[in-house]
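Enquirer: Before we start, here is the structure in question, set down as structure tokens.
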Amino acid sequence: MGSILRATFILGSGSAISLIAGFLSNKAYAVWVGPDGVGLLGLYQGFLGIASIVVGMGLSSGLVRLGAPHIKDEAGGAQLVALRQAAWQIYGVAVLLSGAILIIFNRPIADLLLANSPTWSVGVLVLSLALSLAAGVQLGLLNAYHRVSLLAQVTAFSSIFGAIWGIALVWVWRESALPWVILGVPFGQFVLSSFFVRKLHLPYLRADLRDIKAARRDLIRFGLPFVGSQLVGSSVQLGMPFLVLHQLGQSEVGYYRAAVLFSTAYIGFMLTSLGQDFFPRLSALQSRTQAFRAALDTQQRFVLLLGSPLVLISMALTSFAVSVLFSPEFGPTVGILEWQLLGDLFRFVSWTLGYAILAGLPNRSYLITETLGGICLLTFSLWGMDRFGTSGLGIGWMLTYLCYLIVTGVTAAVGFGWRPNPKNMVLLIAALGVAAAIAILPEGWKVLLALLWGLVCVTLLLRHFRRVL
């Protein structure tokens, strides 16, 4: 667990800076453009996220999955060079084709998906997409080499640049600047990742054309099912602002986006650690089943001990946090967050299982789990909005991750013989019990109980850390 703690601390420092920058910028947006403006920005970012999944072809994750096993292999330099060149070839073709399609259909996209935005905003999205995907290729290389400190620096400094960029634009031009706001972070990621990739000292080899062709085939073979998995999984989540827009309205998109920003931001360092530390480590253990399962159990215990106190403290402070971090206009966000935070307890465990499935099983297994997860999110969200209005979005989120935990658990059990660790199960059940108590206790007791749980988890974490040392 020592290496996990070190990697999480390094990546967490970058994510903490990103968290602060994100909250400062979103506070400014909430005050200057209100829920409608925040909702419109959510539509832009949701569209960029979905387009990045489709056009990105899973190149970043493919470089990690296919490249990580060769990092310590002295003869693996040629394969890494071939993978890199093949990734750039796929990137070039995908960006040119997608850019042309988006420009041709800019009017219906702007009207139907971006709340009647000007057509030129689609051009800004195309530029943001190209920069984001180029940065993704380079971040995939850094991740394959497990350079967590460089990844943390990219996260931190690109977030700072994006926040300064966005605040300056919205301060001067208000709502009309929103399409340009999303350009800041991708540009910062591209510049920084370009600089840091040079520090990898990749071998100066001329890849054989047959190796490049084979690498291109392997990346596409990995990427197509991966894209399908993301389309029915992550893209449903990214597409929720469009669903909320047509079901409830633009202001409700702003409330929902505020809830997602809070829920994602406060545990962003942990999700970053899963993708940039846990996934490459598991990818390198593909052929060692026992070590693979042990790494999974250790990671689950770690995220529960570190993540559950964050969830419970956030639950205790939800009303205060929303008012401070956004504005009093975002009161309906509280109703979403109270349920969404509860669902995050299931998300911690299910995401570790999801990465294990991606690293250790054929791509079709990941496709199946993500498809079922996407169907659950869509179904429960529609049901929740219809039955409970805005707060139903949080209820749908909680039910989705409960089901997703069951799906990934069954898939991991069948795929590589994983069984739930009893200690981890006790931790999860205890955290759920404390969360239920926080939901019904008076305000002052909520915070006290959450802090007591945090003390218990820190004690257990330090005890385990001391034992492994």
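The values are calculated or read from the model by the stated rules, or taken from the named source; none is laboratory data. Please read all numbers here as calculations on a predicted model, not as lab measurements. Neighbour counts are summed over all protein chains in view; Cβ atoms, including those assigned to glycine, are modelled from backbone coordinates with ideal geometry.
Enquirer: Taking into account only those residues within segment 210-227 that are surrounded by 18 or more Cβ atoms within 10 Å (Cβ to Cβ) and among the small types (Gly, Ala, Ser), which is farthest from the chain's Cα centre (by Cα)?
Expert: Ala215
Enquirer: Please go through (1) crowded, with 18+ Cβ neighbours inside 10 Å; (2) at pLDDT 85 or above; (3) among the β-branched types (Val, Ile, Thr) for Val148 and return the number of the only condition it doesn't satisfy.
Expert: So the condition that Val148 fails would be (2).
Enquirer: Which members of segment 279-318 meet the condition of being of a type in the set (Ser, Thr, Tyr) and modelled with pLDDT of 85 or more? So that I can check it myself, show each step before the final result.
Expert: The first filter runs over segment 279-318 and keeps only residues of a type in the set (Ser, Thr, Tyr), leaving 283, 287, 289, 298, 308, 314, 318.
Within segment 279-318, Thr298, Ser308, Ser314, Thr318 meet the criteria.
Enquirer: May I ask you to list the residues in segment 141-150 that are in a helix (DSSP H, G or I) and either more than 17 Å from the chain's Cα centre (by Cα) or within 21 Å of Gly99 (Cβ to Cβ) (or both)? Please lay out each step first, then the result.
Expert: Looking only at segment 141-150, we keep the residues that are in a helix (DSSP H, G or I), and these are 141-144, 148-150.
Hits for segment 141-150 are Leu141, Leu142, Ala144, Ser149, Leu150.
Enquirer: Please find, among Ser132, Ser128, the residue that is of a type in the set (Ser, Thr, Tyr) and touching a Leu at 6+ places or on another chain (Cβ under 6 Å). Let's see the steps before the verdict.
Expert: Values: Ser132 fails: touching a Leu at 6+ places or on another chain (Cβ under 6 Å).
Sole residue among the options that is of a type in the set (Ser, Thr, Tyr) and touching a Leu at 6+ places or on another chain (Cβ under 6 Å): Ser128.
Enquirer: Look at Ser128 and say whether it is buried (at least 18 other Cβ atoms within 10 Å of the Cβ), in a loop (DSSP other than H, G, I, E, B) and in contact with a helix residue (DSSP H, G or I) (Cβ under 7 Å, 6 or more places away or on another chain). Walk me through it before giving the result.
Expert: Working: buried (at least 18 other Cβ atoms within 10 Å of the Cβ): yes; in a loop (DSSP other than H, G, I, E, B): no; in contact with a helix residue (DSSP H, G or I) (Cβ under 7 Å, 6 or more places away or on another chain): yes.
When the stated conditions are applied, Ser128 does not pass them.
Enquirer: Select, from Ser159, Ser128, the only residue that is under 23 Å from Gly254 (Cα atoms), at pLDDT below 90, among the hydroxyl-bearing types (Ser, Thr, Tyr) and within 20 Å of the chain's Cα centre (by Cα).
Expert: On the way: Ser128 fails: at pLDDT below 90.
Checking each option against the conditions leaves just Ser159.
Enquirer: Looking at the structure I just gave you, is Ala156 touching a Ser or Thr at 6+ places or on another chain (Cβ under 8 Å), in contact (Cβ under 8 Å) with a residue 60 or more places away in the chain, surrounded by fewer than 23 Cβ atoms within 10 Å (Cβ to Cβ) and in a helix (DSSP H, G or I)?
Expert: Values: touching a Ser or Thr at 6+ places or on another chain (Cβ under 8 Å): yes; in contact (Cβ under 8 Å) with a residue 60 or more places away in the chain: yes; surrounded by fewer than 23 Cβ atoms within 10 Å (Cβ to Cβ): yes; in a helix (DSSP H, G or I): yes.
Here the answer is yes, as Ala156 does meet what is asked.
Enquirer: Is at least one residue of segment 335-342 in a helix (DSSP H, G or I), surrounded by fewer than 24 Cβ atoms within 10 Å (Cβ to Cβ), at pLDDT 85 or above and of a type outside the set (Phe, Trp, Tyr)? It would help to see each step written out before you state the result.
Expert: If we filter segment 335-342 for residues that are in a helix (DSSP H, G or I), which is where we start, we get 335-342.
Filter once more, keeping what is surrounded by fewer than 24 Cβ atoms within 10 Å (Cβ to Cβ): 335, 338-339.
From what's left, at pLDDT 85 or above: 335, 338-339.
From what's left, of a type outside the set (Phe, Trp, Tyr): 335, 338.
Within segment 335-342 (the criterion being in a helix (DSSP H, G or I), surrounded by fewer than 24 Cβ atoms within 10 Å (Cβ to Cβ), at pLDDT 85 or above and of a type outside the set (Phe, Trp, Tyr)), the answer is yes, since at least one residue qualifies.
Enquirer: Going through segment 370-395 one residue at a time, which ones are closer than 23 Å to Ile429 by Cβ and in contact (Cβ under 8 Å) with a residue 24 or more places away in the chain?
Expert: Narrowing segment 370-395 to residues closer than 23 Å to Ile429 by Cβ: 373, 376, 380, 394-395.
Matches in segment 370-395: Gly373, Cys376, Gly394, Ile395.
Enquirer: Which numbered condition in (1) under 21 Å from Pro362 (Cα atoms); (2) under 22 Å from the mean Cα position of the chain (by Cα); (3) modelled with pLDDT of 80 or more; (4) among the hydrophobic types (A, V, I, L, M, F, W, C) is the only one that Phe242 fails?
Expert: Unmet condition: (1).
Enquirer: Could we say that Val185 is buried (at least 23 other Cβ atoms within 10 Å of the Cβ), in a helix (DSSP H, G or I), under 22 Å from the mean Cα position of the chain (by Cα) and without any contact (Cβ under 8 Å) to a residue 60 or more places away in the chain here?
Expert: Details: buried (at least 23 other Cβ atoms within 10 Å of the Cβ): yes; in a helix (DSSP H, G or I): yes; under 22 Å from the mean Cα position of the chain (by Cα): yes; without any contact (Cβ under 8 Å) to a residue 60 or more places away in the chain: yes.
Criteria met by Val185.
Enquirer: Let me ask something else about it. Any chance you could count how many residues in segment 23-50 are under 16 Å from the mean Cα position of the chain (by Cα) and either farther than 21 Å from Gln237 by Cβ or crowded, with 22+ Cβ neighbours inside 10 Å (or both)? Break it down stepwise before answering.
Expert: Keep residues of segment 23-50 that are under 16 Å from the mean Cα position of the chain (by Cα), which gives 42, 45-50.
From the residues that got through so far, the ones that are either farther than 21 Å from Gln237 by Cβ or crowded, with 22+ Cβ neighbours inside 10 Å (or both) too are 42, 46-47.
Final tally of qualifying residues: 3.
Enquirer: Just to be sure before I move on: is Thr264 modelled with pLDDT under 85, within 23 Å of Leu345 (Cα to Cα), in contact with a helix residue (DSSP H, G or I) (Cβ under 9 Å, 6 or more places away or on another chain) and not acidic (Asp, Glu) in the structure I sent?
Expert: On the way: modelled with pLDDT under 85: yes; within 23 Å of Leu345 (Cα to Cα): yes; in contact with a helix residue (DSSP H, G or I) (Cβ under 9 Å, 6 or more places away or on another chain): yes; not acidic (Asp, Glu): yes.
Answer is yes for this residue.
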